[in-house]
Amino acid sequence: MSIQFAIRGEYIQLDQLLKATGLCESGGAAHAAIADGMVMVDAAVDTRKRAKLRPGQRVSFAGEEIVLVAE
């Protein structure tokens, strides 16, 4: 399933995105998932907790895909 997420401003950090979409309950859970290599950005594993994501990018985690769009 695909979730569309509108970004306010220029970017959102990866850990904040996982928390804002409800895929992770807390920032700590998001950090753990990212550090464990469970998150993919544009079809590649990304372990940078504070990676800056911009509209047009796709994030995959826990069977969900998040498509970032400009607000």
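For the reader, a short list of remarks on this structure follows.
- With both residues required to sit in the chain, DSSP beta bridges show an antiparallel share near 60%.
- Taking a sphere under 12 Å around the Cβ of Arg58 and counting the other residues whose Cβ falls inside, with K and R at +1 and D and E at -1, yields a net charge of -3.
- The residues neighbouring Ile12, those whose beta-carbon lies less than 15 Å from its own, together hold a net charge of +3 under the Lys/Arg +1, Asp/Glu -1 convention.
- Counting charges near Met38 (Lys, Arg +1; Asp, Glu -1) among other residues having Cβ under 12 Å from its Cβ returns a value of -3.
- Computed helical MRE - 222 nm, the chain, DSSP H runs ≥ 4 contributing -39500 (n - 2.57), nearest 500: -6000 deg cm²/dmol
- Near Val39, the amide H atoms lying under 5 Å from its own belong to Asp46; only residues 5 or more places off or on other chains count, and H is placed 1.01 Å from N.
- For the chain, a Gaussian network of Cα nodes joined below 10 Å ranks Ala44, Ala33, Ala20 by mean-square fluctuation, and the top entry is Ala44.
Rule-based calculations on the coordinates, nothing more; no lab input. Keep in mind it's a predicted model, so treat the numbers as computed, not measured. Positions of Cβ are generated from backbone atoms using ideal geometry, with glycine treated the same way; all protein chains shown enter the neighbour counts.
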